[in-house]
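The values are calculated or read from the model by the stated rules, or taken from the named source; none is laboratory data. For clarity, every value in this text was computed on a predicted model and none was experimentally measured. Neighbour counts run over all protein chains shown; Cβ positions are idealised from the backbone, glycine included. Side chains are part of the model used for accessible areas, which takes the heavy atoms of the whole protein and leaves out ligands, DNA and RNA. Shrake-Rupley method; radii C 1.70, N 1.55, O 1.52, S 1.80 Å.
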Amino acid sequence: MPDSVTITDNRTGESVEIPIVDGGVDSEQWRKLLPGIWFYDPAFMTTAATSSGITELDGEAGVLRYKGYPIEQLAEQSTYLEVAYLLINGELPTAEQFDAWKHEITYHTFIHENVRKRFMEGFHYDAHPMGMLVSAVAALSTFYLDAKDIDDREVRDKQIIRLIAKMPTLAACAHRFSVGQPFVYPDNNLDFAANFLSMMWKVAEPQYAANPVLARAIDVLFILHADHEQNCSTTAMRVVGSSHADPYVATAGAAAALYGPRHGGANEAVIRMLTEIGSYENVEPFIDDVKAGKGRLQGFGHRVYKNYDPRAKIIKRVADEVFEVTGKNPLLDIALKLEEVALADEYFTSRRLYPNVDFYSGLIYQAMGFPIDMFPVLFAIPRTSGWLAHWGELLEQGQKIARPRQLYTGPAQRDYVPMGSR
Ligand code: CMC
């Protein structure tokens with residue numbers, strides 16, 4: 001049996017046979033046979049917008065691998081900075097390469113004083129930190145004018161390092177501003193996660209000593225969130241990047257996509273939902289409401305995973321370790337009950353709705369003291385390395401500018417009617 005599909009234009013009887021390669025069929029053959037007939041696929045449900053060699057995701061089998069390495073092994077044995085190197089450069093670093101990478105990232109964590117003093121401190125006192133982050137990342141474009149030279153690999157690498165390094169600084173800066181605390185400068189003696197926690201929580205001590213269990217938990221969460229192939233924000237990154245915009249504004253575009261409750265804002269929505277449910281007894285009535293179409297069970301369901309999200313399994317283990325240190329998040333019992341009830345309910349099982357990465361991540365962040373507004377920001381920090389890996393790949397592929405077609409369904413031509421005659 002040939003590994004191909006045949007498309008027949010019933011108007012003319014003409015056919016074209018298209019081979020199936022890497023699980024897809026090339027749209028060029030379709031275009032040749034059916035010029036002007038567009039493939040209608042809102043939300044890209046059936047479209048592979050690119051080929052990619054970065055992350056492999058099998059939603060049926062619940063598999064997630066970065067550059068071939070299973071997420072479970074990376075979460076157990078690696079660090080976020082090593083994973084970021086892997087995503088950007090394609091291979092795990094040698095000890096020497098890793099030292100150089102870590103040094104570069106560590107020495108690019110500072111932000112220009114104007115970004116902090118004039119820009120960040122110019123926001124309204126109750127600004128959402130994710131809105132601040134999106135704007136600040138875009139503003140970096142005005143500080144690094146060399147970033148426009150996207151054809152030069154060395155220049156690109158420099159911006160990649162700057163972005164990965166500065167995200168935690170901007171994130172912590174947004175938080176400190178929103179709670180009226182002074183900005184904490186990066187500490188180059190600390191690891192990536194410990195330095196972020198220092199910038200978040202340091203008060204008057206000479207050096208902030210993060211609890212190692214909590215610093216490791218953050219690092220593991222960063223590994224789990226580093227990439228997820230062609231998700232909404234990565235697609236935004238590729239679309240903006242395809243116009244050859246600089247990486248700062250492209251990253252700001254991706255971060256804006258991440259801000260929404262259907263994507264990076266979901267863990268925030270989970271906590272709000274659990275708080276609203278409030279007690280054990282309210283779980284079943286809440287599930288009934290969801291089934292009746294009154295809202296969604298936040299942290300459940302995924303466009304690609306139709307099985308348990310492998311990241312959710314790892315996060316559940318991390319949650320236990322974190323709660324040992326912080327004490328149990330009181331919302332945990334409601335979450336566990338919600339999961340139990342949903343997984344036993346035909347509505348959820350028949351639609352293959354399982355907990356996703358966001359179901360438990362918010363509980364961990366909350367137990368560690370992060371305000372809910374910071375949750376999407378915590379997602380954006382590590383996802384930056386994934387976005388940039390895809391941006392680099394896009395440029396190497398020499399892809400054309402993203403420009404989908406539409407099926408026009410509006411009015412036919414009509415004549416303008418002056419306002420007085422309407
Ligand atoms: N609660 C209740 N019903 C749901 C849910 C949910 N969370 N998710 C999907 N459904 C139902 C939906 O109503 C539909 O039912 P029907 O066929 O009767 O109309 C069916 O399941 C299919 O839903 P869909 O909206 O077509 O699925 P989608 O692939 O477009 O949506 C999703 C994926 C993640 C946006 C959605 O599941 C959702 O809104 N989940 C809640 C928000 C959430 O947790 N988002 C985080 C995603 S993981 C983080 C990341 O990787 O970015």
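Solvent-accessible area per residue for the chain at a 1.4 Å probe radius, Å²? Working shown, then result.
Values: 21140 Å² over 422 residues.
With the other protein chains kept in place, the chain gives 50 Å² per residue.
Give the percent of DSSP beta bridges with both residues in the chain that are antiparallel, rounded to the nearest 5.
Of those bridges, close to 100 percent are antiparallel.
In the Gaussian network model of the chain, springs joining C-alpha atoms below 10 Å, which of A49, A171, A84 carries the largest mean-square fluctuation?
A49
FRET efficiency for Y107 and K313, Cβ-Cβ distance as r, R0 = 41 Å, nearest 0.05? List each step's numbers first, then the result.
Numbers: r = 36 Å, r/R0 = 0.88.
Result of the calculation: an efficiency of 0.70.
With a 1.4 Å probe and all protein chains left in place, how much of the accessible area of the stretch 83-214 comes from carbon and sulfur atoms, in whole percent? Let's see the in-between values first.
Numbers: 3300 of 6240 Å².
After summing per-atom areas, the C and S share lands at 53 percent.
Mean separation of Cα pairs under 8 Å and 6+ residues apart, divided by the residue count of the stretch 240-322: what relative contact order is that in percent? Present the calculation step by step, with values, prior to reporting the outcome.
Values: 26 pairs, mean separation 15.3, N = 83.
Normalised by residue count, the contact order of the stretch 240-322 is 18 percent.
I need the phi-derived Karplus couplings for the stretch 342-350: 6.51 cos²θ - 1.76 cosθ + 1.60, θ = phi - 60°, integer Hz, Gly and Pro marked x.
Result, ordered by residue: 5, 6, 9, 9, 4, 4, 7, 5, 5 Hz.
Would you please classify the overall shape of the stretch 65-126 from the alpha carbon gyration tensor, given that a ≥ b ≥ c denote the square roots of the eigenvalues, rounded means a/c under 1.5, and beyond that prolate means a/b larger than b/c while oblate covers the rest? Numbers along the way, then the final one.
Values: a/c = 3.77, a/b = 2.04, b/c = 1.84.
Since a/c reaches 1.5 and a/b is larger than b/c, the shape of the stretch 65-126 is classed as prolate.
For the stretch 1-65, state which trypsin sites (Lys or Arg not before Pro) are in a DSSP loop and have at most 14 other beta carbons lying within 10 Å of their beta carbon.
Working: sites: R11, R31, K32, R65; in loops: R11.
Answer by residue number: R11.
Tell me the GluC sites (Glu not before Pro) within the stretch 9-68 that lie in a loop according to DSSP and have at most 13 other beta-carbon atoms within 10 Å. Don't skip to the end; give the middle numbers.
Details: sites: E14, E17, E28, E56, E60; in loops: E60.
Hits after loop and neighbour filter: E60.
Output the relative contact order of the chain, whole-number percent, from Cα pairs under 8 angstrom with separation of 6+ residues. Don't skip to the end; give the middle numbers.
Working: 553 pairs, mean separation 85.9, N = 422.
Over the chain, the number comes to 20 percent.
Over 10 Å intervals from 0, what percent of Cα-Cα pairs in the stretch 4-57 sits in each interval?
The calculated distribution, bin by bin, is 20, 49, 25, 6, 0.
Tell me, what HN-Hα J-couplings in whole Hz come from the Karplus equation 6.51 cos²θ - 1.76 cosθ + 1.60 at θ = phi - 60° for each residue of the stretch 378-392, using x for Gly and Pro?
For the stretch 378-392, the Karplus-derived couplings read 5, 6, 5, 4, x, 5, 4, 5, x, 4, 6, 4, 5, 4, x Hz, x marking Gly and Pro.
Using a 1.4 Å probe on the protein chains only, how many percent of the accessible area of the stretch 258-304 belongs to carbon and sulfur?
On the way: 1230 of 2580 Å².
Carbon and sulfur atoms account for 48 percent of the accessible area of the stretch 258-304.
Over the stretch 87-217, what is the relative contact order in percent, taking alpha-carbon pairs closer than 8 angstrom and at least six residues apart?
On the way: 103 pairs, mean separation 33.0, N = 131.
Relative contact order for the stretch 87-217 comes out at 25 percent.
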